[in-house]
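Asker: Got a structure for you, written out below as structure tokens; questions coming shortly.
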2 protein chains.
Amino acid sequence: MSDERVIYLPLGGAGEIGMNAYVYGYGKPGKERLILVDLGVTFPDMDSTPGVDLILPDIAWLEARKNDLEAIFVTHAHEDHVGAVAHYYDRLGAPIHARPFTANIARRKMAEHGHPEKAVRTAPVWPETVTAGPFTVGFAPISHSIPESSGLVIDTPKGRLVHSGDFKIDTSPGVGEPFDHALWEEIGKHGVLALMCDSTNVFNDHAGRSESTVGPEIEKLVASASGMVAATTFASNVARVKTLAEAGERAGRSVCLMGRAMRRMIEAAVETGVLQSFPATISPEEAKTVPREHLMLIVTGSQGERRAASAQLANGKYQGVRMKEGDLFLFSSKTIPGNERGVIRIMNQFSEMGVDVVDDSSGLYHVSGHANRPDLETMHDLLKPRIVVPMHGEHRHLREHVKTCKPKKMKGILAVNGMMLDLSASTPSVVEYVETGRTYLDGSVQVGALDGVVRDRVRLALNGHVSVNVILDEEDEMLGDPWCEIKGLAEEGVSRAPLVDVLEEDLAQFLGRAGKKTRADDAKLDEELRRVTRQSANSEVGKKPEVTVIISRMS
Amino acid sequence: MSDERVIYLPLGGAGEIGMNAYVYGYGKPGKERLILVDLGVTFPDMDSTPGVDLILPDIAWLEARKNDLEAIFVTHAHEDHVGAVAHYYDRLGAPIHARPFTANIARRKMAEHGHPEKAVRTAPVWPETVTAGPFTVGFAPISHSIPESSGLVIDTPKGRLVHSGDFKIDTSPGVGEPFDHALWEEIGKHGVLALMCDSTNVFNDHAGRSESTVGPEIEKLVASASGMVAATTFASNVARVKTLAEAGERAGRSVCLMGRAMRRMIEAAVETGVLQSFPATISPEEAKTVPREHLMLIVTGSQGERRAASAQLANGKYQGVRMKEGDLFLFSSKTIPGNERGVIRIMNQFSEMGVDVVDDSSGLYHVSGHANRPDLETMHDLLKPRIVVPMHGEHRHLREHVKTCKPKKMKGILAVNGMMLDLSASTPSVVEYVETGRTYLDGSVQVGALDGVVRDRVRLALNGHVSVNVILDEEDEMLGDPWCEIKGLAEEGVSRAPLVDVLEEDLAQFLGRAGKKTRADDAKLDEELRRVTRQSANSEVGKKPEVTVIISRMS
């Protein structure tokens, strides 16, 4: 027997929902030829990543093996699957394969970064395949909340792998291919070594609902509205955008798409033929002239993003259009955990304007794009894999998904980011732990999550900052008094004197007492001045600030 | 007719959920004698209030009228109703009235701040009353998620007001008085001028569920567990804590309360006789010796708070007790919007330990403490007020609550913080807009939300910080080179040189070019150095940092 093996290594997406990046390899241990499935991003938040623009998977392991990397395959065009391809093109350089709609989106990203668009190759649909070293990869259509989502059929010399991608079981998804039970049964017919499977909705015990159930409810709602109607959903949910637009059209309303992402997605869907009919739309300029009861806006910002169209409408106006009392705003979406505050802020702003807000709390106006537990089990049954490796989930989702495997005699393996599995071993298990993590796009620079840059900013946010400036002459004697500047600290504390005065006084006293040896030693002096500043601030305002000490020596 | 009037002025709690503080007044306009109902806090978050310890209502308006303030009445012991009494005792000084359990909690707060505990007076229960100037105030028992909650019956010479406080309609609340329909009907019998009414759950269309429905489900769950069981809920939900403890006891488990707040609340409930039977508990020290299948922990931290017992158990251990594979952790609570990330973090940590986590997604293990819409309507029907003023809600809740009044010919008035209503006018409406806002407890200092202190910290978190130091001689010539220190910025940017080197170089170049007039002018020089620093950082790392410039002049 050869000692080649099939490996699976998540660099992102396993143990979290976001920044998907899954490595597969085939070859002798340490010499595997590699492919990467998806290369996405995660979005930052104030709690842990203030000021960060995007969070990317740490690809150091893969970059060190870029010569072994045959290709990147992108399952669909959601940001958590495609968002990092352009950011990392310089570092990986491999060709990117995706079906037309996804490729269209990926090429736009490449162009924005000045990378060659032709690095993105349009992949055919299964049963046609793409060959990448020892792998033969097919894009099998699967239903999700964006057009042309695909599960990947990855054939290796040691057997077939199926990477589900994000999916739900929807036989009438509105736009894009319906879930095809026969197709997936056929794919599984000759044996599946391992299924890497979406775990997002494993805690939901009900069978998932079809996109087609949403349309009639939205139509009723729009038809009953008397003022302007605005609705938001994920821009990439082309089926939903179409449903919303058609509801507007049937209610005799002119439809206006607002927000760059919304227009771009529809444009890509039309360009690639994914979207063959879409109601006529008008420009925001034209929208201003349409009586409000004849207008339907479809806008970006379902997650309360501050700069999106929904937030701007809630703040007053967007591109000249204003909502007002008697209008209706529909969230045809769910709020991703962590985004509640932003969404609620918008709801209250609309309330202040007298706009009625409808969200999905009734369960009528949104359906998820992910398979619930019974649908996951349907997929298991169709493919009958020997191994199930849950992915696209937090630890709790992966663990629960593993539990579902037991009654079916499939081997469920829990592997989070950095755990390399040998899928072809007689007893498949973790064979290596690889260092993984997060890389922050911070302004125009990529910084490691552990570099301390963002940790310092969190500390500044919690504790405030003091700049301390001391000038010493060639005899290490003070020239003038210490000088302090504060940021993010109360001007005045318990002693009712300006905080800077108190700090400067305490620092001057310390320097008066400090021996020449301390004054002559930059490192020692820096440490002591920092200590005195923190102590003084703490007794004055109850906070221990971050301190920058600048010692100047005149000589 | 006299020209005395009855006024209502929310300083907190109307247009938000949190920091409740409602002023009532009676007298000639501008000369009203005042009472304050509740004086609570709101909790900060990283998004908008990093580093802040607590958020308090701005009481400047009331402080300026402290001589007119007869008394403070506290409806119940939740932090958003009682949390600010001790912080503001110095500034208001009025006596505080509350029923025994609430008074017990308030006195503990007073003692912690070194204020006289006797300022908190134990109030009798309705139909007995407390007189405060022109007001006669009665504490009428009402069911909620903490013992001894009360609605206030506030009689004025112009009629009866009812301040509902937080409430639900629960005729078997476990601990504390059941909701008494007859009592509230009696209170309403002789006419109610205005009902100020809880609005929290107005969007929930189902009748509320009783606390008594939770016990049997929790018992079943605990009885079926094979390892250790730990459960969390709000410490102040004494009925729930008792339910949890009894479930443990019935399953033959020793019960251990963990977390300071948990023990303090139960202590207060026992001291005041609110809690007359509670299972025997063991100390954490003893818990360590009990076999895990015979142990039940009841712990603080249902909202994922980082320092609470639940978070510490999830991190490893708390007071020597560790959870492990096969144990069960129950969230007998709901997650308040905004706290999702912290709760999910804990769930995943437990998942990594192999601990099964159960939360309220099934709807079995928690009930809300607030009245749903049908229950709000029951309250309206019992009291038949002329006016309903929704409170304890965000704008959207207040607005929806007002809508419920229309079919019943009650006048619903939407008044958010700062809107003073004349309730006794023939057409009750807003008569004055008072400046209100938020005060931050920041370390040991109270700072105004608009003082810019916290805004500066948010900016530091988003943009990072540069300290710039320049020394000039008496001729305004540079002594040495400009010196920069960075915090929260990437060490290196696009030019692959240290960022501080690039900044210092650009600043030196600028200073070389700058005219003597600029160099001689501190304000001008400060502005220009700041501009150059931001520009230079932006082209280097894509961020415009906060800048502290220190110019030292040798003369």
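The values are calculated or read from the model by the stated rules, or taken from the named source; none is laboratory data. What you are looking at is a predicted structure, and each value in this text was computed from that prediction instead of being measured. Positions of Cβ are backbone-derived with ideal geometry, glycine not excepted, and every protein chain shown enters the neighbour counts. In case anyone asks, the SASA skips ligands and DNA or RNA and just uses the protein heavy atoms, side chains included. Shrake-Rupley method; radii C 1.70, N 1.55, O 1.52, S 1.80 Å.
Asker: Provide an ascending nm list, one decimal, of label-point separations from residue B:216 to the equivalent residue in each further copy; define each label point as 7 Å from Cα along Cα→Cβ.
Answerer: The projected label point of residue B:216 is separated from its counterparts by 3.6 nm.
Asker: Just how many % of Cα pairs in chain B lie over 39 Å apart, if you round to the nearest whole percent?
Answerer: Cα-Cα pairs of chain B separated by over 39 Å account for 40 percent.
Asker: In Å and whole numbers, how far do the C-alpha atoms of the protein assembly as shown stretch along each principal axis, longest first?
Answerer: So the extents along the principal axes, rounded to whole Å, are 95, 80, 76.
Asker: Give me the summed buried accessible area for the B-A pair, 1.4 Å probe, to the nearest 100 Å².
Answerer: Buried surface at the B/A interface: approximately 5300 Å².
Asker: Solvent-accessible area per residue for segment B:344-442 at a 1.4 Å probe radius, Å²?
Answerer: 39
Asker: Taking every residue in A:354-365, how many Cβ atoms of other protein chains lie within 10 Å of its Cβ, on average?
Answerer: 1
Asker: While we're here: How long are the semi-axes of the ellipsoid equivalent to segment B:464-553, from square roots of 5 times the Cα gyration tensor eigenvalues, in whole Å, largest first?
Answerer: That gives 23, 12, 11 Å for the three semi-axes.
Asker: Simple spin-label model, 7 Å along Cα-to-Cβ: residue B:205 to residue B:31 in nm?
Answerer: 5.2
Asker: Label-to-label distances across copies for residue B:180, with labels 7 Å out along Cα→Cβ, in nm, shortest first?
Answerer: Taking the point 7 Å beyond Cα along Cα→Cβ, the inter-copy spacings are 7.1 nm.
Asker: Moving on. Give the residues of segment B:80-97 whose amide nitrogen is closer than 17 Å to a point set 7 Å from the Cα of residue B:60 in the direction of its Cβ.
Answerer: Output list for this probe position: B:91-92.
Asker: Report, to one decimal in Å, the Kirkwood hydrodynamic radius for segment B:328-485 based on all distinct Cα pairs.
Answerer: With all distinct Cα pairs of segment B:328-485 included, I get 22.2 Å.
Asker: For segment A:464-553, what is the relative contact order in percent, using Cα pairs closer than 8 Å and at least 6 residues apart in sequence?
Answerer: Relative CO of segment A:464-553 lands at 41 percent.
Asker: Lysines within cross-link reach of residue A:109: Cα-Cα under 20 Å, excluding same-chain residues under 8 positions apart?
Answerer: A:118
Asker: Residue by residue through B:492-500, how many Cβ atoms from other chains fall within 10 Å of the Cβ on average?
Answerer: Across the residues of B:492-500, the mean count of other-chain Cβ atoms within 10 Å is 1.
Asker: Could you pull the copy-to-copy label distances for residue B:433, with points set 7 Å along Cα to Cβ, in nm to one decimal and sorted shortest first?
Answerer: With the label placed 7 Å along Cα→Cβ, residue B:433 yields 6.0 nm.
Asker: What are the GluC sites (Glu not before Pro) within segment B:418-481 that DSSP puts in a loop, where the Cβ has at most 13 other Cβ atoms within 10 Å?
Answerer: B:435, B:474, B:475, B:477
Asker: Quick check: the distance between the Cα centres of segment A:217-241 and segment A:254-269, to the nearest angstrom?
Answerer: Rounded to whole Å, the Cα centres lie 14 Å apart.
Asker: Rounded if a/c is under 1.5, else prolate if a/b beats b/c, else oblate: with a ≥ b ≥ c from the C-alpha gyration tensor eigenvalues square-rooted, which is segment B:54-131?
Answerer: Judged from the Cα gyration tensor, segment B:54-131 comes out oblate (a/c at least 1.5, b/c at or above a/b).
Asker: Could you pull out every residue, at least 5 positions away or on a different chain, whose amide H is within less than 5 Å of the one on residue A:196? Hs are placed 1.01 Å off N in the peptide plane, and Pro or chain starts have none.
Answerer: It is A:162, A:163, A:164, A:389, by chain and number.
Asker: Shifting gears a bit: So what is the relative contact order of chain B, in percent, for Cα pairs below 8 Å that sit 6 or more residues apart?
Answerer: 15
Asker: Here is a further query. Given the pairs A:384/B:334; A:406/B:242; A:543/B:516; A:28/A:409; A:544/B:543, which span a C-alpha to C-alpha distance of over 32 angstrom in this model?
Answerer: Flagged as over cut-off: A:384/B:334; A:406/B:242; A:543/B:516.
Asker: Let me know the mean shielding of B:460-473 by other chains, meaning the per-residue number of their Cβ atoms within 10 Å of its Cβ.
Answerer: 6
Asker: Quantify, in whole percent, the carbon and sulfur part of the accessible surface of the protein assembly as shown (1.4 Å probe; protein heavy atoms only).
Answerer: 48
Asker: Per residue, how big is the convex hull around the C-alpha atoms of segment A:19-82? Give it to me in cubic angstrom, could you?
Answerer: Enclosed volume per residue, from the Cα hull, is 88 Å³.
Asker: Additional query: Quick one: ranking B:502, A:343 by accessible area, 1.4 Å probe, largest first, what do you get?
Answerer: Ranked from most to least accessible, the order is B:502, A:343.
Asker: What are the trypsin sites (Lys or Arg not before Pro) within segment B:143-229 that DSSP puts in a loop, where the Cβ has at most 13 other Cβ atoms within 10 Å?
Answerer: The qualifying sites are B:189.
Asker: What FRET efficiency comes out for the pair residue B:531/residue A:479, r = Cβ-Cβ distance, R0 = 41 Å, nearest 0.05?
Answerer: 0.90
Asker: Also: List the residues, sorted by chain then number, that are 5 or more residues from residue A:543 or on another chain and whose placed amide H is less than 5 Å from its amide H.
Answerer: Amide H to amide H, under 5 Å and 5 or more residues apart or across chains, residue A:543 pairs with A:538, B:444.
Asker: Still on this structure, I have one more. Compute accessible area for segment B:366-397 by itself and then with all protein chains, 1.4 Å probe, and report residues whose area falls by 20 Å² or more.
Answerer: Buried-area filter returns B:394, B:395, B:396.
Asker: Report the Cα centroid-to-centroid distance between segment B:153-169 and segment A:451-513 in angstrom, as an integer.
Answerer: 52
Asker: Could I ask something else about it? Roughly speaking, what % of Cα-Cα pairs in segment B:165-269 are separated by over 20 Å, rounded to a whole number?
Answerer: 54
Asker: Label points 7 Å out from Cα along the Cβ direction at residue B:517 and residue B:186: separation in nm?
Answerer: 8.5
Asker: A further question follows. In deg cm²/dmol, rounded to 500, what helix-only [θ] at 222 nm does chain A give when every DSSP H run of at least 4 residues adds -39500 (n - 2.57) and the total is split over its residues?
Answerer: Helix contribution divided over all residues of chain A: -9000 deg cm²/dmol.
Asker: log10 I(q)/I(0), Debye, Cα-only segment B:211-358, no solvent, q = 0.12, 0.16, 0.20 Å⁻¹?
Answerer: Those come out to -0.43, -0.79, -1.28, one per q.
Asker: Quick one: Cα centre-to-centre distance for segment B:529-555 and segment B:374-424, in angstrom?
Answerer: Their Cα centres are 53 Å away from one another.
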